[in-house]
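Working notes for the structure below.
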Amino acid sequence: MCTEAGDSGGAYIGVGNLAQGMTSGGPVGVECGYNQGYNAGSYSFYQPVVDAASYYGVTIDTAN
């Protein structure tokens with residue numbers, strides 16, 4: 001996945017629309033553009049949702 005400036009703090013959603021974490025970084029000076037994928041330097045970093053929840057003392061409901 002490619003991230004751009006301003007994406008930090010946004011939801012990082014994985015397979016099955018499950019929350020994985022919060023976006024925290026990615027490539028510098030790269031624009032993803034429409035459907036650029038790997039060609040745009042598609043990598044990003046995220047803070048796992050369980051770490052963030054633990055920090056704030058909240059729990060995550062995993063029931064469907």
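Where a number appears in this text, it was derived from the coordinates with a stated rule and is not lab data. Quick caveat: nothing in here was measured; it's all calculated off a predicted structure. Using ideal geometry, Cβ is built from the backbone for each residue, glycine included, and neighbour counts are taken over all protein chains shown.
Annotations
- Distance (nanometres) between label positions extended 7 Å along Cα→Cβ at V15 and T59: 2.7 nm
- Taking amide hydrogens as placed 1.01 Å from N in the peptide plane, the amide H of I13 sits under 5 Å from those of Q20, each at least 5 positions away in sequence or on another chain.
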